[in-house]
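The values are calculated or read from the model by the stated rules, or taken from the named source; none is laboratory data. All values reported here derive from a predicted model rather than from experimental measurement. Counting neighbours? That spans all protein chains shown, and the Cβs are built from the backbone with ideal geometry, glycine included. Just so you know, the surface numbers come from the protein's heavy atoms only, side chains and all, with ligands and any DNA or RNA stripped out. Shrake-Rupley method; radii C 1.70, N 1.55, O 1.52, S 1.80 Å.
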Amino acid sequence: MKKILKPFLVVFLLACWVAQAWAQDPMAQAKAFYIQQHYWQAIQECGEVIKKNPGNTDILSEANYFAGASYANLFDFLTAKKNFSAIVEKYKGSKYYEDAYLGLGDVELLGENLYEALKAYTGFYITNPSKKRLATLYFRLSEVNLKLGNKEEYKKYLQKLQAEFPLSFEARDSKRLLGHDVYYTCQVGAFTNYDNAEKFVAGLKAKGYEVYSVLCMLADKRLCRVRIGKFKTLAEAENLKQRLEKDGYLVKIFP
């Protein structure tokens, strides 16, 4: 009987310790859910923390950050951006301020809003970020400038990364950017209904366009982006855009 009670007692005491830790740290449970990839539960816990701590800057910064990171992992980039923006605008200098500023650029990059991503990363850069975040920022600035075809800026930040942080993970990872093929493409539609996307693609092919689709997730839904062409220059993509617009399509060019 004693052998049975002993492990039970250990588990019970551990459960009590965890409950006490959560009571002392209102963010502990939210972070636990986040680590376990239970993102909706993490969001709910962060929401409760935000409601109960209206004047606590550090806790509000942390809660907004983990809520934003959870939304980003659920591909809801718009809501993630709102959480990160709240930290940047209201809680400057807080513990998660720099992470949130990077997060603003990251959600734009993931959503392929490259110019907005560059704007966010550049805005963070001029705040004189800490060395702890600078290697990541150099990598992001290098990557987004490469995607935009800004080769001189791409090289500038890549050289800064390799010179100032030669042993960093980002410096090692930057090797994958070397020889990266940059092209421009025209997006003519985005569909959450795949049957509708297939019909749209069939119509474009019937008109002689060489179409391809890109699948991604956005706001927890599968999104099919319909695109045409892969061009070395922006001028070629602009020519196709004009042709497509004459055919009645709404077009957006992506680098």
Near pairs, Cβ below 6 angstrom, 6+ apart or cross-chain, from the stretch 63-79 (in contact (Cβ under 8 Å) with a residue 40 or more places away in the chain and assigned to a loop (DSSP other than H, G, I, E, B)) to any residue that is open to solvent by 20 Å² or more (accessible area, probe 1.4 Å) and of a type outside the set (Gly, Ala, Ser): LEU74/TYR39; LEU74/ASP220; PHE75/MET217; PHE75/LEU218
Among the residues of the stretch 76-107, which ones are small (Gly, Ala, Ser) and open to solvent by 50 Å² or more (accessible area, probe 1.4 Å)? GLY93
What are the residues in the stretch 174-190 that are open to solvent by less than 40 Å² (accessible area, probe 1.4 Å) and either in a helix (DSSP H, G or I) or of a type in the set (D, E, K, R) (or both), if any? SER174, LEU177
Looking only at the stretch 30-75, count how many residues are open to solvent by less than 60 Å² (accessible area, probe 1.4 Å) and among the β-branched types (Val, Ile, Thr). 4
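Residue-wise test of (1) touching a Leu at 6+ places or on another chain (Cβ under 8 Å); (2) modelled with pLDDT of 90 or more; (3) of a type in the set (Lys, Arg).
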| residue | (1), (2), (3) |
| --- | --- |
| PRO7 | no, no, no |
| ALA15 | no, no, no |
| ALA19 | no, no, no |
| PRO26 | no, no, no |
| TYR39 | yes, yes, no |
| CYS46 | no, yes, no |
| ASN73 | no, no, no |
| ALA80 | no, yes, no |
| ASP99 | no, yes, no |
Flagged in the stretch 146-164 as in a helix (DSSP H, G or I) and either in contact with a Leu (Cβ under 8 Å, 6 or more places away or on another chain) or surrounded by 18 or more Cβ atoms within 10 Å (Cβ to Cβ) (or both), in numbering order, are LEU146, LYS147, GLU153, TYR154, TYR157, LEU158, LEU161, GLU164
So, in the stretch 117-130, exactly how many residues are touching a Phe, Trp or Tyr at 6+ places or on another chain (Cβ under 8 Å) and either over 14 Å from TYR97 (Cα atoms) or without any contact (Cβ under 8 Å) to a residue 24 or more places away in the chain (or both)? 2
Determine, yes or no, whether LEU110 is within 12 Å of the chain's Cα centre (by Cα), open to solvent by less than 40 Å² (accessible area, probe 1.4 Å) and modelled with pLDDT under 95. no
For the stretch 235-250, enumerate the residues that are closer than 23 Å to LYS147 by Cα, surrounded by 14 or more Cβ atoms within 10 Å (Cβ to Cβ) and aliphatic (A, V, I, L, M). ALA237, LEU240
Quick one: in the stretch 134-145, of everything that is within 16 Å of the chain's Cα centre (by Cα) and within 19 Å of VAL88 (Cα to Cα), which residue is surrounded by the most Cβ atoms within 10 Å (Cβ to Cβ)? LEU141
